[in-house]
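Read the figures in this text as sums done on the coordinates, not as results from a lab. Remember, predicted model here, so these are calculated numbers, not experimental data. Virtual Cβ from ideal backbone geometry, glycine too; neighbours counted across all protein chains shown.
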Amino acid sequence: KQEVTQIPAALSVPEGENLVLNCSFTDSAIYNLQWFRQDPGKGLTSLLLIQSSQREQTSGRLNASLDKSSGRSTLYIAASQPGDSATYLCAVNSNSGYALNFGKGTSLLVTP
Amino acid sequence: GAVVSQHPSRVICKSGTSVKIECRSLDFQATTMFWYRQFPKQSLMLMATSNEGSKATYEQGVEKDKFLINHASLTLSTLTVTSAHPEDSSFYICSAGGAPGETQYFGPGTRLLVL
C-alpha cells in the first residue's frame, strides 16, 4: 500500500525566504505526483502535476521536482509571501488504482 | 481547469438523521468520481470510488451501508451519510477525473457537523 510522508509537518518563515517542502512515497510505481494547496476550512487547489516521466514542473514562484526511483519530491517556493500561508499537500497517483494517496501536509506560515 | 462543485458546502444535523452531499462535474463528463474524508489535522483519506452506472468500490473500514454512493450520471455522484453520528463529523471532498493518471479535479468540500 502506497504511503506518503511529508516533512516538515509545520514550518514558519519570514517573508521573502526561499523554502523547500519534502514529500516521500514508498512505492515508485506511480502515474504522477501532485502538489495541492489547502486553505483552512477550504477545498484543494492544484498547484503542480508531475507525470512519472518528468523530472520537474514550474509555475511562477513554485518548482516541484520528482525523483521516482528514490520516492521523493520537493516543492520549492521562491521569495515566500504571507499569502503563501496554507497547508501544502502532496498526493501520489499509483499505478494500482487512480485514487490519490495523500500525505498529511505541511502547514506553512509566512510572517510579514 | 475543469470545475467540480459540491452541495451543500456546510451542513449541521442532529444525530440519527441522514445527509446527502452532491458532487457535480460542471464542464466535463466523469465516469469515475472519488469521495474523500478529512478529519481535523489529518490528511485526506479515500472512502470510496464511485463508478457511473455501477456499484461503488469502498475502501477497507468504510461501511457501505452507512455511506451510500450513487453515480447515476456522468456529471453527478451523491454521498448519503445515513443515521449520522457525531463521529461522522468531518470534511468530505469529492474529486472527478478522466482516465487513470490524468489530473483529478476537486470539489470545494462539504463540512458536516453532527450534533
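Between A:ARG55 and A:VAL20, the contour length at 0.36 nm per residue exceeds the Cα-Cα span by 11.0 nm.
Within 10 Å of each Cβ of A:86-94, how many other protein chain Cβ atoms are there on average?
2
Using the Cβ of B:SER73 as centre and a radius below 15 Å, the other residues enclosed give a net charge of -2, where K and R count +1 and D and E count -1.
Given a cut-off of under 8 Å on Cα pairs at least six residues apart, what relative contact order in percent is computed for chain A? That works out to 37 percent. Summarising the strand pairing of chain B, around 90 percent of its internal DSSP beta bridges are antiparallel. Extent along the principal axes, Cα only, for chain B: 38, 26, 22 Å, with the longest axis given first. Per-residue mean of foreign Cβ neighbours for A:98-106 is 6 (Cβ atoms of other chains, 10 Å radius).
Each 10 Å bin from zero up to the one holding the largest Cα-Cα distance in chain A carries the following percent of pairs: 16, 50, 29, 6, 0. Under Stokes-Einstein, with the Kirkwood radius over Cα pairs as Rh, the value for region B:1-68 at 37 °C and 0.692 mPa s is 238 µm²/s. The share of alpha-carbon pairs in the protein assembly as shown lying farther apart than 31 Å comes to 21%. The mean number of Cβ atoms from other chains found within 10 Å of a Cβ in peptide B:37-48 is 4, as a whole number. If R₀ is 30 angstrom, what is the calculated FRET efficiency for the pair B:PHE28 and B:SER54, using the beta carbon separation as r and rounding to 0.05? For B:PHE28 and B:SER54, the calculated efficiency is 0.95. The charge dipole of chain B, taken about its Cα centre with unit charges on the Cβ of Lys, Arg, Asp and Glu (plus for the first two, minus for the last two), comes to roughly 320 debye. Computed as a quarter of the hull surface, the mean projected area of the alpha carbon convex hull for region A:56-112 stands at 4.8 nm². In order along region B:9-23, phi translates into HN-Hα couplings of 7, 8, 8, 10, 9, 7, 4, x, 8, 10, 10, 10, 10, 9, 10 Hz, rounded to whole numbers, per the Karplus curve 6.51 cos²θ - 1.76 cosθ + 1.60 with θ = phi - 60° and x for Gly and Pro.
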